Amino acid sequence: MAGVSFRGVPKRYGGVGAVDGVVPDVADGELLVLLGPSGCGKTTALRMVAGLEEVTEGTVVIGDHVVNDIDPRERDVAMVFQSYALYPHLTVAGNIEFPLRQRKIPRHQRQDQVTAAARTLGLEELLARKPGQLSGGQRQRVALARAIVREPQAFLMDEPLSNLDAALRVQTRADIVSLQRRLGTTTLYVTHDQVEAMTMAHRIAVMVEGRLQQVAPPTELYERPETVFVARFLGSPGMNVVPGTLGTGSDGGVEAVTAAGTLALGRPLAAPGDGAREVSVGFRPEHTRIDPEGPLEGTVILVELLGADVHVVCATPGGDQVIIRQASGIGVPGLGDSLRIAVDPGHVHVFRAADGHRTAVAA
């Protein structure tokens, strides 16, 4: 196996930048997810590794080899697409075997490798079928088997679950995680789905508009987002964020004054807000609750019943929205009700308003 390294690889189309050149390396045996909205540059980065896009400058390294000038088929990577890309006229066995035939692997060896790959993904009973006779989940497993049979240095996966329904996505992502952990193959995985990223990745790299926002293990990314974008993008729903101004409370601690009320933030770890005064204050819905003594106020504009949870959406006097997540067994307020809202101490995040980056204020 081998890691994948990006050494200054911006990608531009004419004068338009698709990737700014800062892409995290993928460690040997790691499953790294590139996560972001459509058009953020994540697929472009993946295609540069595959050789389907030329780098504007810099180098792409797989293992110990610079691959900029190596033909895609010679890069020893296997790509799995959202469209499956199976040959409709070939059987399942023929599709899995195809890359081995291209490499002129002896017939008996090809058959052994096809059988092993089919067994790994539970396809033994389907080897004689054509793709048109398979479900979406089965087709995706065939595409995975075709990738692993090559024993590549790296897997490149581009939104491989986006064409599956919800139940199949859950099962297939579990299959991919189990397969990757078992084989230990370096994997670069692209998705816009945060659930896939959070449940599958060793590390997640969040991108927007071609720029890397943050790269970290899933729990760290969720609990300590470095930018407002990451805070809002991760979580369902995302983090509540309201504008505020830093000040000093009567006890000498830092507080944030917002249109909805004043939140005590504790004492600063450094100069308040790294010198910033205008800030964005963030807190997740699960750390927010209805409390008659709460410092914030809001008016209920929507109640979403989601089985075990209820989302209470409130409008603040400043025109922002605050979402409260609570258990469904707790009394549910009505539309138009005025509420006081409390935020759990230790779960307030503060970002500079100027650039959206986290400050050094203690929560």
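The values are calculated or read from the model by the stated rules, or taken from the named source; none is laboratory data. The structure displayed is predicted, hence computed values, not measured ones. Neighbour counts are summed over all protein chains in view; Cβ atoms, including those assigned to glycine, are modelled from backbone coordinates with ideal geometry.
When the criteria are applied in full, GLU151 fails the requirement of being in the same structural domain as PHE81 (by TED's automatic domain parsing) and farther than 26 Å from PRO72 by Cβ.
Mind listing whichever residues of the stretch 157-169 are part of a helix (DSSP H, G or I) and surrounded by 15 or more Cβ atoms within 10 Å (Cβ to Cβ)? Once the filter is applied, which keeps residues that are part of a helix (DSSP H, G or I) and surrounded by 15 or more Cβ atoms within 10 Å (Cβ to Cβ), the stretch 157-169 yields LEU168, ARG169.
In the set (1) under 21 Å from LEU86 (Cα atoms); (2) in contact with a strand residue (DSSP E or B) (Cβ under 9 Å, 6 or more places away or on another chain); (3) not polar (S, T, N, Q), the condition left unmet by LEU164 is number (2). Which residues, taken from the stretch 286-321, are touching a His at 6+ places or on another chain (Cβ under 7 Å) and under 24 Å from GLY346 (Cβ atoms)? Answer for the stretch 286-321, where residues must be touching a His at 6+ places or on another chain (Cβ under 7 Å) and under 24 Å from GLY346 (Cβ atoms): just HIS287.
The criterion of being among the β-branched types (Val, Ile, Thr), surrounded by fewer than 18 Cβ atoms within 10 Å (Cβ to Cβ) and farther than 27 Å from ALA197 by Cβ holds for VAL332.
All conditions in (1) out of contact with any helix residue (DSSP H, G or I) (no Cβ under 9 Å at 6 or more places or on another chain); (2) more than 19 Å from GLU151 (Cβ to Cβ); (3) surrounded by fewer than 16 Cβ atoms within 10 Å (Cβ to Cβ) hold for ARG129, with the sole exception of (1).
Residues that are under 15 Å from THR43 (Cα atoms) and in a strand (DSSP E or B) within the stretch 186-201 comprise THR187, LEU188, TYR189, VAL190, THR191, listed in sequence order.
So, of the residues in the stretch 293-349 that are in a loop (DSSP other than H, G, I, E, B) and among the β-branched types (Val, Ile, Thr), which turns out to be nearest to GLU223 (Cα to Cα)? The selected residue is VAL348. Listed by first and then second residue, the pairs linking a residue in the stretch 297-322 that is farther than 15 Å from THR258 by Cβ and without any contact (Cβ under 8 Å) to a residue 12 or more places away in the chain to a residue that is surrounded by fewer than 16 Cβ atoms within 10 Å (Cβ to Cβ) and among the basic types (Lys, Arg), with Cβ atoms under 6 Å apart and 6 or more places separating them unless they lie on different chains, form an empty list. Restricting LEU86, LEU134, LEU123, LEU183 to those that are assigned by TED's automatic domain parsing to the domain that holds ASP25, aliphatic (A, V, I, L, M), under 27 Å from ALA45 (Cα atoms) and buried (at least 18 other Cβ atoms within 10 Å of the Cβ) reduces the list to LEU86.
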